[in-house]
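The values are calculated or read from the model by the stated rules, or taken from the named source; none is laboratory data. Remember, predicted model here, so these are calculated numbers, not experimental data. Every residue, glycine among them, receives a Cβ derived from its backbone with ideal geometry; neighbour counts consider all protein chains shown.
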Amino acid sequence: MQCVFDSKRLKAMINRLTRLNVKKLTPYSSARNEFEGKASVFLDANESPFNNNLNRYPDPFSKALRNAWGELQGVNSSNVIAGNGSDEIIDLLMRAFCEPKQDSIITCPPTYGLYRVLASINGLKVAEVPLINFEPDVDGLFNAVGKLLFICSPNNPTGNAISIDFVMRLCDTFNGIVVVDEAYIDFSNNESSAKLVTRIKNLVVVQTMSKAWGLAGIRMGFGIANEEIIKVLDKIKPPYNVNSLTQQYALKAINQYEQKNEWVKSTLRQRNIVAASLNSIDCVNQVFPSEANFLLVKFQEAKAVFDFLVKRGIVVRNRSTVPGCENCLRITIGTAVENAQLINALKDYKS
Ligand SMILES: *Cc1c(COP(=O)(O)O)cnc(C)c1O
């Protein structure tokens, strides 16, 4: 794929945005990093010679995975970084580009709570541009100033998504990096923004295998961006951030992506069924439209419904204390059997 940036301007942008200590940093160079030839006797990394294969450190750059994921997303492997969950990618972005006690990130609440927590851990200010009726505040965002702007699409917990056109307009006006968190993109009618990274220099797309791929347990996430941004993230990532078992498992899953597509289809069918059933239940006020693997549902008394469900052994996410989500529960779409249990329990609920 052709990269159409003016490389001087791209480098100037990276230079302006990168945290000072990161610019000055001499990165750690691991044994696996420094030797790049062919060999059969590895006495360079103080590994054990025993315990076949797992005695060796993993590939620090997850090259096979980056290739496979890049191919899947229609970008080069040089546009991909692999992380220990997408949460690690989000943390790396803050550490690479934001100066503690000085810089801000921008979020659009109600949204994924981890952006704020990671910002706090990194000593960053959070400027909020709240959603209006669950939609982006266009004027607010076009006037926002900060290093990183986090857009979650489809958004957790509201379930709705924004268009690629809007992503492009945001990148055009924002003076920092726009981060689009696509954890739920497989369940959406909207296209992924991943391919845009070869044209838009201040865009990072974050993806994960934790949701549609059914692999939350292996911790596998990706960042997609232009090569210069990826280079900065590679400079500061923990040397062996993705372990061998995860690399192997993730690669195997990518090679069988049809399975993921089947699971997504099933979840979408179930999402429709659950939404329709919920709409016919008395204690339900509103089922919000969803492009994700969950439904945000407004009840007359969310907390009482939550407690009632727990007594029946069913756990959902209580979002009713989140500003903008008053009286709302976030309900993940499960198997047909699990969903039927949920619906049957709710039918028994008497206020
Ligand atoms: C679930 C979720 C993630 C996934 O994080 P991982 O670290 O990859 O498991 C990322 N972003 C959002 C908005 C999520 O809801």
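Checking every residue in the stretch 37-58 against the condition of being more than 18 Å from the chain's Cα centre (by Cα) and closer than 16 Å to LYS235 by Cβ gives zero matches.
Screening ASN55 with (1) buried (at least 20 other Cβ atoms within 10 Å of the Cβ); (2) of a type outside the set (Asp, Glu); (3) closer than 19 Å to VAL242 by Cβ; (4) more than 16 Å from the ligand (Cβ to nearest atom) gives one miss only, at (1). Answer yes or no: is there a residue in the stretch 119-127 that is in contact (Cβ under 8 Å) with a residue 60 or more places away in the chain and either small (Gly, Ala, Ser) or within 30 Å of LYS265 (Cβ to Cβ) (or both). No, the stretch 119-127 contains no residue that is in contact (Cβ under 8 Å) with a residue 60 or more places away in the chain and either small (Gly, Ala, Ser) or within 30 Å of LYS265 (Cβ to Cβ) (or both).
Taking the criterion of being under 15 Å from the mean Cα position of the chain (by Cα), within 16 Å of the ligand (Cβ to nearest atom) and over 18 Å from LEU114 (Cα atoms), would at least one residue in the stretch 193-211 satisfy it? Before the answer, list the steps.
Within the stretch 193-211, the first condition is being under 15 Å from the mean Cα position of the chain (by Cα), and the residues that meet it are 193-194, 203-211.
Cutting the leftovers down to within 16 Å of the ligand (Cβ to nearest atom) gives us 193-194, 204-211.
The next check asks that each one be over 18 Å from LEU114 (Cα atoms); those that pass are 193-194.
Yes, there is a match, as at least one residue in the stretch 193-211 is under 15 Å from the mean Cα position of the chain (by Cα), within 16 Å of the ligand (Cβ to nearest atom) and over 18 Å from LEU114 (Cα atoms).
Restricting the stretch 95-118 to residues that are of a type outside the set (Ser, Thr, Tyr) and within 14 Å of the ligand (Cβ to nearest atom), which is nearest to the chain's Cα centre (by Cα)?
Within the stretch 95-118, the first condition is being of a type outside the set (Ser, Thr, Tyr), and the residues that meet it are 95-103, 105-106, 108-110, 113-114, 116-118.
If we keep only those that are within 14 Å of the ligand (Cβ to nearest atom) too, we end up with 108-110, 113-114, 116-118.
On the way: CYS108: 15, PRO109: 16, PRO110: 16, GLY113: 12, LEU114: 10, ARG116: 14, VAL117: 15, LEU118: 13 Å.
The extreme case among them is LEU114.
Listed residues GLU88, GLU99; which is farther than 18 Å from GLU228 by Cα and in a helix (DSSP H, G or I)?
Values: GLU99 fails: in a helix (DSSP H, G or I).
That would be GLU88, the only listed residue that is farther than 18 Å from GLU228 by Cα and in a helix (DSSP H, G or I).
Working carefully through the options SER277, SER290, SER266, SER320, find the one that is in a helix (DSSP H, G or I), buried (at least 17 other Cβ atoms within 10 Å of the Cβ) and at pLDDT 95 or above.
Values: SER290 fails: in a helix (DSSP H, G or I); SER266 fails: buried (at least 17 other Cβ atoms within 10 Å of the Cβ); SER320 fails: in a helix (DSSP H, G or I).
Exactly one of SER277, SER290, SER266, SER320 is in a helix (DSSP H, G or I), buried (at least 17 other Cβ atoms within 10 Å of the Cβ) and at pLDDT 95 or above, namely SER277.
If the condition is being part of a helix (DSSP H, G or I) and over 17 Å from ARG19 (Cα atoms), then the stretch 227-247 contributes GLU227, SER244, LEU245, THR246, GLN247.
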